[in-house]
Amino acid sequence: MPVYKLHYFNLRGRAELARLIMSQAGVEFEDVRFERTEWPALKATMPFGQVPVLEVDGQMLAQSNTISRYLSRKHDLAGKDDWEQALADMYADNINDLMTGMRPAFLEKDADKQKELYEKFMTETVATHVAIVEKQLEKNGTGHLVGKELTWADLAYYGFFSFLVEKFGEDFLKDASHLKSLIALVAELPNIKKWVESRPKTEI
Amino acid sequence: MSTRRRNEYKLYYFNSKGRAELARLILAYAKVPYDDVRFENAEWLQHKDRMPNGQLPVLEWKGQLLPQSLAIARFLARRHNLAGSDEWQWAKIDAMTDTINDTLGEAIPIYRAGEDEEKKKEAIDNFLNKAIEPLFKRLEKMLDDSGSDYLIGNQCSMADLAFFSCYDFAVGVFGDRLPQCQHVAALYARVGQIPAIKNWIEKRPVTPF
């Protein structure tokens, strides 16, 4: 069994999905977290000068969704067939877009401007997306985003939306009962619950 | 009734890192508690007249007020074991700190540019190309030649903390555009991992600059 080593900052950010996948799969991993001050020196050792990076048997894999996809495929969380796998990819890409969409607000140093940007993000970008995904969940009718069983798509939505709830409260999900249920479903999975309780507490 | 021992030092500045952060890093390194007074702009106007130069930062020690960020840093560094092991080393530490201070001075046009995006971009590019890059190149060579873990001599000094403050600021301004220099980045990591410094970085107020 390969030993996984995940390299990232001491944040959830773009590494948390991989951590959730490995936790759910019951797979042991070395959760390497470095400080911001250590990053400039480590940057040169990462394949594309970015993190997260998954180290497998001494080989380095970059790109957060690629890492998550690789782990999902290896541990039965990718979807049952080509089409399901593609749908899971699609949902993971959605979350990626939302994370990227949030970056300007996150990086804004002026507190008032930041508040404005976050509000715009939540009321426009997120609200629009929530309405769409709520309909998809309803249509799929299984409680999961893809097919009948848990896939990394569910974990991706849990990861990001549980963070949004933490930061902004539950109100934005008031008309999204299916998405709310999905978040609760994942939160209650024993391995996920265990991980969330034991992981380092970080702002993002 | 409990009596709290009064802190020996009181540092006055705005609520930012700016020209006070070097003193704060020195006090953090020395593990010396102090009053970290941060004025809001309106509040500052009430205190301005009693400050020697009408400027901040100011260090209050034994009821006396000392202005000038580098004078404050030197005073604290000498008292708390960050001044090297002999006079010549101290002079080199002093010179290095002045050099880094000059480099940071090149960032001032960025703030003078205000809302003018074009002027701001030009000021940022200038700060990178004419100030930060040459400094980093010089420090990289110095560290490579000396093989030392620190800028002057073999122990942490005021110069390393000044460097840390500068690098930290540059990371905030440039992110990925920051020149990749192995020894320079390693020094930044090294200082950042000193437990007392790491602790300060974690608990200090988060401000844009």
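Take every DSSP beta bridge with both residues inside the stretch B:2-113 and express the antiparallel ones as a percent of the total, to the nearest 5.
Working: 8 of 14 bridges.
Antiparallel bridges: around 55 percent, rounded to the nearest 5.
Relative contact order of chain B, please, whole-number percent, based on alpha carbon pairs below 8 angstrom and at least 6 residues apart.
22 percent
Magnitude of the Cβ-charge dipole of chain B, K/R +1 and D/E -1, about the Cα centre, nearest 20 debye?
Taking the Cα centre of chain B as origin, the dipole is about 860 debye.
What's the Cα-based Rg to Rh of the stretch B:87-193, Rh via Kirkwood?
Values: Rg = 14.3 Å, Rh = 14.3 Å.
Result for the stretch B:87-193 is an Rg/Rh of 1.00.
Do you know the relative contact order of the stretch A:82-188, to the nearest whole percent, from alpha carbon pairs under 8 angstrom that are 6+ apart?
In percent, rounded to a whole number, it is 30.
Could you tell me the convex hull volume per residue, in Å³, taken over the Cα atoms of the protein assembly as shown?
That works out to 198 Å³ per residue.
Quick one: Kirkwood hydrodynamic radius for the stretch B:1-140, alpha-carbon pairs, angstrom, one decimal?
It works out to 17.1 Å.
How large is the translational diffusion coefficient of the stretch A:82-188 in µm² per second when you combine the Kirkwood radius over alpha carbon pairs with Stokes-Einstein at 20 °C and 1.002 mPa s?
Stokes-Einstein gives a translational diffusion coefficient of 150 µm²/s.
What trypsin sites (Lys or Arg not before Pro) does the stretch A:141-204 have in DSSP loop regions with at most 14 other beta carbons within 10 Å?
Qualifying residues, ordered by number: A:148, A:174, A:201.
Count the DSSP beta bridges whose two residues both fall in the protein assembly as shown, then state the antiparallel fraction as a percent rounded to the nearest 5.
55 percent
Percent relative contact order of chain A, based on C-alpha pairs within less than 8 angstrom and at least six residues apart?
23 percent
Over the Cα atoms of the stretch A:119-174, what is the Rg over Rh ratio if Rh follows Kirkwood?
My calculation puts Rg/Rh at 0.98.
Too long at a 23 Å Cα-Cα cut-off: which of B:10/B:203; A:167/A:194; B:17/B:198; A:5/A:194; A:148/A:193; B:120/B:141?
B:120/B:141
For the stretch A:114-197, which GluC sites (Glu not before Pro) are in a loop by DSSP, counting at most 16 other Cβ atoms within 10 Å? Don't jump to the answer; show the numbers that get you there.
On the way: sites: A:116, A:119, A:124, A:134, A:138, A:149, A:166, A:170, A:188, A:197; in loops: A:149, A:170.
Answer in residue order: A:149, A:170.
Where does the longest stretch of chain B lie that holds no GluC sites (Glu not before Pro) found in a DSSP loop with 11 or fewer other Cβ atoms within 10 Å?
Values: sites that count: B:40, B:115.
In short, B:116-209.
To the nearest µm²/s, what D does Stokes-Einstein give for the stretch B:48-129 at 37 °C and 0.692 mPa s, using the Kirkwood radius over alpha carbon pairs as Rh? Working shown, then result.
Details: Rh = 15.2 Å.
Answer, rounded: 216 µm²/s.
Can you give the longest stretch of chain B with no exposed loop site, where a site means trypsin sites (Lys or Arg not before Pro) in a DSSP loop (not H, G, I, E or B) with at most 11 other C-beta atoms within 10 Å?
Numbers: sites that count: B:4, B:5, B:6, B:31, B:62.
Result for the longest clean stretch: B:63-209.
Bear in mind these aren't lab numbers, they're just calculated from the coordinates by the rules spelled out. Since this is a predicted model, take the numbers as computed values, not measurements. Ideal geometry is used to build each Cβ from the backbone, glycine not excepted, and the neighbour counts take in all protein chains shown.
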